[in-house]
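The values are calculated or read from the model by the stated rules, or taken from the named source; none is laboratory data. Everything numeric in this text was worked out from a predicted model, so none of it was measured. A quick note on method: Cβ atoms are made from the backbone with ideal geometry, for glycine too, and the neighbour counts reach across all protein chains shown. Surface accessibility is based on the protein's heavy atoms, side chains included, excluding ligands, DNA and RNA. Shrake-Rupley method; radii C 1.70, N 1.55, O 1.52, S 1.80 Å.
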Amino acid sequence: ILQEQHSVISRAQVFSCGMSRSALHLRIASSGPWQRILPGVYLAITGGMTQHQREMAALLYAGPASLITGPAAVRRHGLRSPGPDVVDLLIPARSRRQSAAFVRVHRTERMPERMFVTGKVRFAEAPRAVADAARFLTRFDDVRAVVCDAVQRQTCTVADLAAELQAGPSAGSALLREALAEVGDGVRSVSEADFRVLIVR
């Protein structure tokens, strides 16, 4: 389990392997070889976490119905995305899981029917990941960079992103709508967008 999950394991998995509570407590003690990184989730090594470990821990924390979206999922598709090292997760609207530490949960009635899977890591398809990333970012230059990169590399189309814009919540979508308007005019990079603004002025 640890090998498949980047040295991350949940409390339920620990007990399913036959480890006792006292043995677990010894491992996560201040002098032990493990560390508690989220409620009910442990890292079986000392030291800092990698991004792979953060993402695996987030999914174990939120449960099997969750999947990664936003900047972390955008990067999983090989695209560039600014943003903090938090992991944004989509979870069903009925779930009661709360955000914790580096995990931000987003309850939604629009859980994707399809997803990408790499090993044990589940993440949203590119159009949903890019649209969600744009909604979570606060600077227009960052939103523009994510949208342009996705379209320029043909990871998703303008129509894909427009459909996500239409289907998703209007809250937080203003910058995405503005970026799509630029891309609809033929802009495919940040430098082209800057040049377009110069010409318009």
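Can you pull out the residues in the range 171-201 that are outside any helix (DSSP H, G or I), modelled with pLDDT of 80 or more and surrounded by 11 or more Cβ atoms within 10 Å (Cβ to Cβ)?
Initially, the range 171-201 is screened for residues outside any helix (DSSP H, G or I), giving 171-173, 185-189, 201.
Applying the additional criterion that residues be modelled with pLDDT of 80 or more yields 171-173, 201.
Residues satisfying the conditions are Gly172, Ser173.
What number of residues in the range 14-56 are crowded, with 18+ Cβ neighbours inside 10 Å and aromatic (Phe, Trp, Tyr)? Total meeting the criteria: 2. For the range 105-130, the candidate set comprises residues that are without any contact (Cβ under 8 Å) to a residue 40 or more places away in the chain and in a loop (DSSP other than H, G, I, E, B); within that set, the residue that is nearest to Val146 (Cα to Cα) is Glu125. All of (1) farther than 23 Å from Cys156 by Cα; (2) among the basic types (Lys, Arg); (3) modelled with pLDDT under 95 hold for Arg54 with one exception: (3). Looking at Met115, Met111, just one residue is open to solvent by 80 Å² or more (accessible area, probe 1.4 Å), within 25 Å of Leu176 (Cβ to Cβ) and touching a Leu at 6+ places or on another chain (Cβ under 8 Å), and that residue is Met115. Restricting attention to the range 44-58, which residues are in contact with a Leu (Cβ under 7 Å, 6 or more places away or on another chain) and either within 18 Å of Ile28 (Cα to Cα) or not in a helix (DSSP H, G or I) (or both)? Answer for the range 44-58, where residues must be in contact with a Leu (Cβ under 7 Å, 6 or more places away or on another chain) and either within 18 Å of Ile28 (Cα to Cα) or not in a helix (DSSP H, G or I) (or both): Ala44, Met49, Gln53, Ala57. Scanning the range 131-141 for residues that are surrounded by 21 or more Cβ atoms within 10 Å (Cβ to Cβ) and in a loop (DSSP other than H, G, I, E, B) returns a single hit, Leu137.
If a residue has to be hydroxyl-bearing (Ser, Thr, Tyr), out of contact with any Asp or Glu (no Cβ under 7 Å at 6 or more places or on another chain) and open to solvent by less than 20 Å² (accessible area, probe 1.4 Å) to count, how many in the range 59-105 make the cut? Write out each step before concluding.
So the first thing to find is which residues in the range 59-105 are hydroxyl-bearing (Ser, Thr, Tyr), and the list is 61, 66, 69, 81, 95, 99.
Then keep just the ones that are out of contact with any Asp or Glu (no Cβ under 7 Å at 6 or more places or on another chain); that gives 61, 66, 81, 95, 99.
Narrowing further to those that are open to solvent by less than 20 Å² (accessible area, probe 1.4 Å): 61, 66, 81.
Here the count works out to 3.
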